[in-house]
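The values are calculated or read from the model by the stated rules, or taken from the named source; none is laboratory data. Values in this document were obtained by computation on a predicted structure and should not be read as measured data. Note: ideal-geometry Cβ built from the backbone for every residue, glycine included; neighbour counts use all protein chains shown. Side chains are part of the model used for accessible areas, which takes the heavy atoms of the whole protein and leaves out ligands, DNA and RNA. Shrake-Rupley method; radii C 1.70, N 1.55, O 1.52, S 1.80 Å.
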Amino acid sequence: MHAPKCAVSFMVNGQTTNVEIAPWITLLDLLRGPLELTGTKKGCDHGQCGACTVLIDGERINCCLKLAVSLDGADIRTIEGFGTPDALHPMQQAFLDHDAFQCGYCTPGQICSAISLVNEGRAYSRAEIRELMSGNLCRCGAYTNIIDAIETFLQSNGRHKTDGSGR
Ligand code: FES
Ligand code: FES
């Protein structure tokens, strides 16, 4: 007996994408497998590390916890949808300028999360950035430089406030 397949249609990085998938496949496995978008990383596969962060309808989400079949009509954006090697997204450039990575495994998720964080309009100070990026773990411990990068991005967009921490 063949496993049931479901037809789903959504946008991925601005392109209409039609797939026929098993109902249990996660968006993470769909992206990294059939769609060959391996920029999105699998860390824990249990919603605890943030390595798989992508934007769905503008909101950041751990896509290892999202069944792809539930996303009919959604607008999905992965790290491949931000900037190009010749024209980086300003957040990517800020990460580069601040050496905000070591092995780089967490970096796509960190950048997607940071872009969404700015769009949420809830983080203006260093302490707020630290708190609201706490779902994205970095085993290399590049946290200070990651916060520096996001803080610089906010400053360059006139959206930063000091929090009295002296940083
Ligand atoms: S791989 Fe999704 S949160 Fe860790
Ligand atoms: S740069 Fe290595 S896990 Fe974050």
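Some notes on this structure:
- Normalised per residue, the accessible area of the chain is 53 Å², obtained with a 1.4 Å probe and no contribution from ligands, DNA or RNA.
- Nearest-0.05 FRET efficiency for THR38 and SER156, computed from C-beta distance (R0 35 Å): 0.70
- Net length gained if the chain between GLU20 and ASP72 were fully extended (0.36 nm per residue, minus Cα distance): 17.6 nm
- A DSSP coil position with no more than 11 other Cβ atoms inside 10 Å describes the following GluC sites (Glu not before Pro) in the stretch 19-72: GLU36.
- Model label zone, GLU128; criterion: amide N under 17 Å from point 7 Å along Cα-to-beta-carbon; scope the stretch 141-160: 147-160
- For GLY109, net neighbour charge (Lys/Arg +1, Asp/Glu -1) across residues whose Cβ lies under 15 Å away: +4
- Rounded if a/c under 1.5, otherwise prolate or oblate - the stretch 1-124, Cα gyration tensor axes: prolate
- Antiparallel beta bridges, as assigned by DSSP with both residues in the chain, represent about 90 percent of the total such bridges.
- Projecting label points 7 angstrom from Cα along Cα→Cβ for GLU59 and GLU120 puts them 1.1 nm apart.
- Based on the reciprocal of the average 1/r between different C-alpha atoms, the Kirkwood radius for the stretch 87-167 equals 12.4 Å.
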